[in-house]
Amino acid sequence: MGVAGSSPSFAGEPPVPVMDRDEVDRALGRLGAEHEAIETSLLALQDHAGRRLLEGAELTGVTKDRWSSTEQEITLLWGYFDAYSAAVHDTRELRSRRRWPNREDLLELTDRLRGRSVTIASSAAHPAPSITGPAQLSERFSLAELVSRMNELYARSLDMVVTADSVWSALPARIDLLSAELQRTRSLAHSVGVRPGEHPSGDELESITHELATLRVQVISDPLAFWRPAPGSSAPGGGRPDTERYDRAARALEDIRGEIEAVLRVRQDSEQRLLRLRDVLSRADRTLTEARSARGEVLAKIAASEVPAVSGPSTALQERLATAAEYRRHSQWHRLSPLLESLESEAEDELLRARESLTSVTAPLAVRAELRGRLDAYKAKVARNGLAEDPLLIERYDAARRMLWSAPCDLRVAEEAVLRYQRAAAEALVPGQGQGQGQSQSGPSDRRGDS
């Protein structure tokens, strides 16, 4: 059932086609569902935990400014909704007057449903000029325009409420958990001597404590300052809490906890480590003592040889070892830990240095021993081949032996004597040449010429 004609319109606006009864009824059905959805959303916003927290909090910074505007927008939103509800109610009442509305009824229903039929006074539409511009006496809306305006205000208000609630739900609880862990770490640190003013980690713990307390106060009073909007997101609350400062404090606490655990391990095994250090330094001292004794023997038994000097034991390491033992007695674990680590490395270096010194000092004796062994080995080889009674070999062997077993021994001359004996033995051991043949082919006088 259509009705000819069109509804009234404002100046400059095209006329609105008059709706028939079925169109009016369908439009009223949609309005009913839309009104119920808007009311449900507004009530949910009113009861939102974030909004209640914002109302009761002492806000600062950007959150304070934003909430001041949002409160006014929420007030304006309810003013729009009241006007919208009244318009929907009046339109329903008009439609209920007649089962079959006449032309005048349809014209008025069309105007109310599609025209700018809702007038909102300035006190409701503009509670604060800063929101929508200069104050006006009144403003007219169509129902669709009013819904669109309410949607805008609702989206902005909900975004602010959800954002603040998201930060409050995420950060304070995490800060409290980290603060509890910080207190446990501080107590443990105090038990091992890591205290402010006495150890860098103690000062760092104090700094983290102050940072977490400051961060919590700032998060509670200005949550929007700790929000990172998601790029390109238009949904209310699109983004995530900014946890950079919290994460930095958590990492610093984790590092300190690792240091404290290392100190605790020092407390548990410090006695064994000190015993091992004493043993290593004792072995280094004994090795140096042996090197000094060996040096005297070398100087007495070996001639024309450069023998390096042997240093004494490291008194500095012994003093530091005594300091470490003192730290342990007074439970100064934070000082004992780095000292033990450096001592362990330096003690091993000291033992290596002592061994190298002993090796360097005894090198001439080792050379003499090697020459003696080589001489005896060739003598045995000569005897196995039946040349033990060769006069030249006997003479050269005796000459080399006297040099090697005399003191002081000139290693250079002794080595030459051993080499002469080796050459003579090698000539005598030519394959196919026996003891007699060797004497007939090369007389003693000929071979003596090598000596």
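The values are calculated or read from the model by the stated rules, or taken from the named source; none is laboratory data. Just so you know, these numbers come straight off a predicted model, no measurement behind them. When we count neighbours, we look across all protein chains shown, and the Cβ atoms used for this are built from the backbone with ideal geometry, even at glycine. Heads up: the accessible areas ignore ligands, DNA and RNA and are worked out on the full protein's heavy atoms, side chains in. Shrake-Rupley method; radii C 1.70, N 1.55, O 1.52, S 1.80 Å.
Remarks
- Of the GluC sites (Glu not before Pro) found in region 30-90, those in coil by DSSP whose Cβ has at most 13 other Cβ atoms within 10 Å are Glu58.
- Values (1) 37, 27, 18; (2) 46, 22, 20; (3) 111, 32, 15 are given for comparison; semi-axes √(5λ) of the Cα gyration tensor in Å, derived from the coordinates here, is the one labelled (3).
- If the convex hull is drawn through the Cα atoms of region 147-278, its volume per residue in Å³: 112
- Between 0 and 90°, nearest 10: helix 244-301 axis offset from the chain longest Cα axis: 0
- Reachable aspartates and glutamates from Lys379, criterion Cα separation under 18 angstrom, eight or more residues apart if same chain: Glu370, Glu389, Asp390, Glu395, Asp398, Glu415, Glu416, Glu427
- Estimated at 0.36 nm per residue, the fully extended path between Glu389 and Arg423 surpasses their Cα-Cα distance by 10.6 nm.
- Prolate/oblate/rounded call for region 38-85, Cα gyration tensor, a/c under 1.5 rounded: oblate
- Percent carbon-and-sulfur accessible area, the chain, ignoring ligands, DNA and RNA, probe 1.4 Å: 51
- Between the beta carbons of Ser293 and Glu341, assuming R0 = 35 Å, the FRET efficiency works out to 0.55 to the nearest 0.05.
- Only Lys, Arg (+1) and Asp, Glu (-1) charged, at Cβ; region 149-296 dipole about Cα centre in debye: 600
- Legend: calculated FRET efficiency, Arg248 to Thr323, from the Cβ-Cβ distance at R0 = 45 Å, rounded to 0.05, equals 0.80.
- Sparsely packed loop sites in region 167-239 (the GluC sites (Glu not before Pro) outside DSSP H, G, I, E and B with at most 13 other Cβ atoms within 10 Å) comprise Glu198.
- From phi via Karplus (6.51, -1.76, 1.60), per-residue ³J(HN,Hα) for region 62-79 in Hz, x at Gly/Pro: 5, 5, 4, 5, 5, 5, 4, 5, 5, 4, 5, 5, 5, 4, 4, 4, 5, x
- Charge dipole magnitude, Cβ of K and R +1, D and E -1 - the chain, Cα centre, debye nearest 20: 1880
- Excluding ligands, DNA and RNA, the accessible surface per residue across the chain is 54 Å² with a 1.4 Å probe.
- Beta bridges by DSSP in the chain, antiparallel share as percent, to the nearest 5: 80
- Positive-end extreme of charge dipole, region 202-319 - chosen from Pro236, Val310, Leu275 (charges on Cβ): Val310
- 3J(HN,Hα) along region 166-182: 5, 5, 5, 6, 9, 7, x, 5, 5, 5, 5, 5, 5, 5, 5, 5, 5 Hz, from the Karplus curve 6.51 cos²θ - 1.76 cosθ + 1.60 with θ = phi - 60°, whole Hz, x for Gly and Pro.
- Surrounding net charge for Ser201, when Lys and Arg each add one and Asp and Glu each subtract one, Cβ distance under 13 Å: -4
- For the chain, the 222 nm mean residue ellipticity estimated from helices alone, with every DSSP H stretch of n ≥ 4 adding -39500 (n - 2.57) and the total spread over all residues, rounds to -25000 deg cm²/dmol.
- Straightening the chain between Arg97 and Ala366 buys 84.0 nm, computed as 0.36 nm per residue apart minus the Cα-Cα spacing.
- Applying 1/(1 + (r/R0)^6) with r as the Cβ-Cβ distance of Ala144 and Arg228 and R0 = 41 angstrom yields a FRET efficiency of 0.70.
- Region 234-271 residues near the modelled Glu181 label - backbone nitrogen below 18 Å, point 7 Å along Cα→Cβ: 242-262
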